[in-house]
Amino acid sequence: MGQKRVKVNICVGTACFVQGGADLLLYEDFLEPQLLGLCDIEGTSCLGLCKQDNSDWKAPFVEIDGTVYSNVTPKRLEELLREAVDA
Amino acid sequence: MLEINNQYTLMKRHIDTEVLRAFFAGTLEDVVDNLPIHIIPRTRDPNRCCVYKERAMVRYRIMALLGVDIEKDDDEYKTLSSYVKESLETKTPVFPSLTTISPGCSSCPDEQYRITDSCRGCFARPCLANCPKEAIVFVNGKAHIDEKRCIKCGKCLGVCPFHAVIHVPVPCEEACPVDAIHKNEEGFVEIDREKCIDCGHCSRSCPFGAIAERSSLMQVAGMLKKKEEVVAMIAPAIEGQFPGSLGQIVAGLKALGFSDVVEVAEGAHITAAHEAEELQERLSRGDKFMTTSCCPAYMQLVDRHVPTLSELRSKALSPMGYTARLCAERRPEAKLVFIGPCLAKKIEAAQFPEIETVITFAELASLLVARDIDIKEMVVSQDDVHVKTYADCREFAVPQGVANSVIRRSEKPIQVMNINGVDQKTVRLMKTWTKRAPEAELIEVMCCEGGCLAGPGVLVNPKIANRLRQGANVATVGSKPLGGAKHV
């Protein structure tokens, strides 16, 4: 039995893309190959969360195994994926 | 130079979006004075000294967005709402395109080379041996630099086996190719207007955001809100800037309210054909070489700093110039807005009465977000299918692309050279060209390293832009290696 794979959706709606989501798409460059190998990463349509009026809840959004995270930077994405892989 | 996306550029886009949202909702004058507080809440963990300073900088950013020349017209007693009122009534003047925000300037220490604690005070002492000015002194067995003697050549940095020498630049001064930016007597940033070529390198490299471009975005938003007949002329670099295909970007622009969208690549086709013909004429009459003329910062560079090249530039108009003429013929009543990656284009556009104004891709992005337009979800209509005759000229946005387009239109083979990014060294080199001709017939000059795709007004890292331009799907673009099939 191999390890279970982590399903990752990076929002590529315009609001996320503009607020730094575009840089997350360079994941091949900043994630370690071992980590990358355990994740299925894709860009996804707008998750609709940017339209909520909550000042702490900011683009860009990433969904990891069904849970949505806000304000994701490349560094934070790596941390989140590490946690998800270890879980 | 800083990466395209950093805390400052993201904040800038956030501010622009909030201002535009209020503008389209018709509440801008009422809410604008509270926007800095709304954007920087007291609970925020500040990047500057405190949230209050951050709010002050948001205020300045809004002023720049309104087109205010902060250097000249900063009046602390004046409310933002009165600035809004004035700016919506008047057209933003073009000059100067960049304005400095002295309260934001960190007064960085002068450029210097310094020896750190890593110096081991070695026996060989290569720093001492290689310093041409005897500026290295040893105190307590460790090396120091005598600042009075140091000429900042950097030789010591290159030879130290412990990497103990560091170079501390002033980012804006280092980025400026023409020595036009300095600290004034008070220690704050100041731009020499006689020397400045509006390339925008300083504003891109200042990590404090102390140099802002005066925007025309509100003017464009106003035209769209009034539903005027406005044509968007989109620069060849736009492909790959947004999460979707070129057709989807065009559809997004129309959803914003632009009456029509015209690719500047169409004008680029005329520029390239003109340059191909002109080059042969020049060579046959004995000229050694010709340079391209489409980069507006380069055009100003020659005018202001390298006059010896002024006759060696192609006489062709820039793609924007030809496109503006085509548009004006087709739709004489329409107002033309150029949307590109470039700040210097604003200065160039002022020479064309046909062109109303210029905004950047980053500013366009704020417009799209403010209007909740999602490029990825746009449906491409049949009218947005593009003509193939000039499609190859979209390559004007990348280094070597202009030259390639000229080569394709030339009857004879031509030798080309490309200047990919202009810095102080390149300027010195250019000054020698009339004495010692470069070994090329056509010299393509792009002021920004990486071409227009790396201009000061772009939205995404050129790596992502390149992959999207090569036809990668935005959903899987991160896993696509470079070099996919071209979809032209």
### Task
Looking only at the range A:47-54, decide whether some residue is free of Cβ contacts under 8 Å to residues at least 24 places away in the same chain, more than 27 Å from B:N466 (Cα to Cα) and among the polar types (S, T, N, Q).
yes
### Query
Across the range B:399-423, which residue is least open to solvent (accessible area, probe 1.4 Å) among those that are in a loop (DSSP other than H, G, I, E, B) and β-branched (V, I, T)?
B:V422
### Query
Is the range B:191-206 home to any residue that is over 30 Å from B:P307 (Cα atoms) and either surrounded by 24 or more Cβ atoms within 10 Å (Cβ to Cβ) or not small (G, A, S) (or both)?
no
### Qualifying positions in the range B:438-461 - open to solvent by less than 10 Å² (accessible area, probe 1.4 Å) and either without any contact (Cβ under 8 Å) to a residue 12 or more places away in the chain or part of a strand (DSSP E or B) (or both)
B:L442, B:I443, B:E444, B:V445
### Query
List the pairs whose first member sits in the range B:138-166 and is within 10 Å of B:C127 (Cβ to Cβ), whose second member is charged (D, E, K, R) and assigned to a strand (DSSP E or B), and whose Cβ atoms are under 8 Å apart, counting only residues at least 6 apart or on separate chains?
B:I145/B:R114; B:V165/B:R114
### Task
Restrict the check to the range B:82-91 and report whether at least one residue is more than 29 Å from the chain's Cα centre (by Cα), in a helix (DSSP H, G or I) and surrounded by fewer than 22 Cβ atoms within 10 Å (Cβ to Cβ).
yes
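Do the conditions hold for B:Y113, that is, is it of a type in the set (S, T, Y) and farther than 30 Å from B:V165 by Cα? Please lay out each step first, then the result.
Numbers: of a type in the set (S, T, Y): yes; farther than 30 Å from B:V165 by Cα: no.
No: the conditions fail for B:Y113.
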### Task
Name the one entry in B:H14, B:H38 that is assigned to a helix (DSSP H, G or I), more than 28 Å from B:G200 (Cα to Cα) and within 14 Å of chain A (Cβ to nearest Cβ).
B:H38
### Message
What's the number of the only condition in (1) more than 9 Å from chain B (Cβ to nearest Cβ); (2) among the small types (G, A, S); (3) on the phi > 0 side of the Ramachandran plot; (4) in contact (Cβ under 8 Å) with a residue 40 or more places away in the chain that A:A84 fails to meet?
### Response
(3)
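Residue-wise test of (1) modelled with pLDDT under 95; (2) in contact with an Asp or Glu (Cβ under 7 Å, 6 or more places away or on another chain).
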| position | (1), (2) |
| --- | --- |
| B:L336 | no, yes |
| B:P341 | no, no |
| B:S366 | no, yes |
| B:M378 | yes, no |
| B:V385 | yes, no |
### Query
Picking from B:Q219, B:Q248, B:Q241, B:Q280, which residue would you name as being open to solvent by 20 Å² or more (accessible area, probe 1.4 Å) and within 23 Å of the chain's Cα centre (by Cα)?
B:Q219
### Query
Which of the following residues is of a type outside the set (G, A, S), out of contact with any Pro (no Cβ under 9 Å at 6 or more places or on another chain), closer than 26 Å to B:R204 by Cβ and away from chain A (no Cβ under 14 Å): B:Y77, B:Y83?
B:Y83
### Query
Residues of the range A:38-60 being more than 11 Å from the chain's Cα centre (by Cα) and within 13 Å of A:E78 (Cα to Cα), which ones?
A:L38
### Summary
Within the range B:283-312, restricting to residues that are outside any helix (DSSP H, G or I) and among the β-branched types (V, I, T), the one that is surrounded by the fewest Cβ atoms within 10 Å (Cβ to Cβ) is B:V306
### Query
Across the range A:1-42, what is the total count of residues that are out of contact with any Asp or Glu (no Cβ under 7 Å at 6 or more places or on another chain), facing chain B (nearest Cβ under 7 Å) and without any contact (Cβ under 8 Å) to a residue 40 or more places away in the chain?
6
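The values are calculated or read from the model by the stated rules, or taken from the named source; none is laboratory data. This is a predicted model, so every value here is computed, not measured. As a convention, Cβ positions derive from the backbone with ideal geometry for all residues, glycine included, and neighbour counts pool all protein chains shown. Heads up: the accessible areas ignore ligands, DNA and RNA and are worked out on the full protein's heavy atoms, side chains in. Shrake-Rupley method; radii C 1.70, N 1.55, O 1.52, S 1.80 Å.
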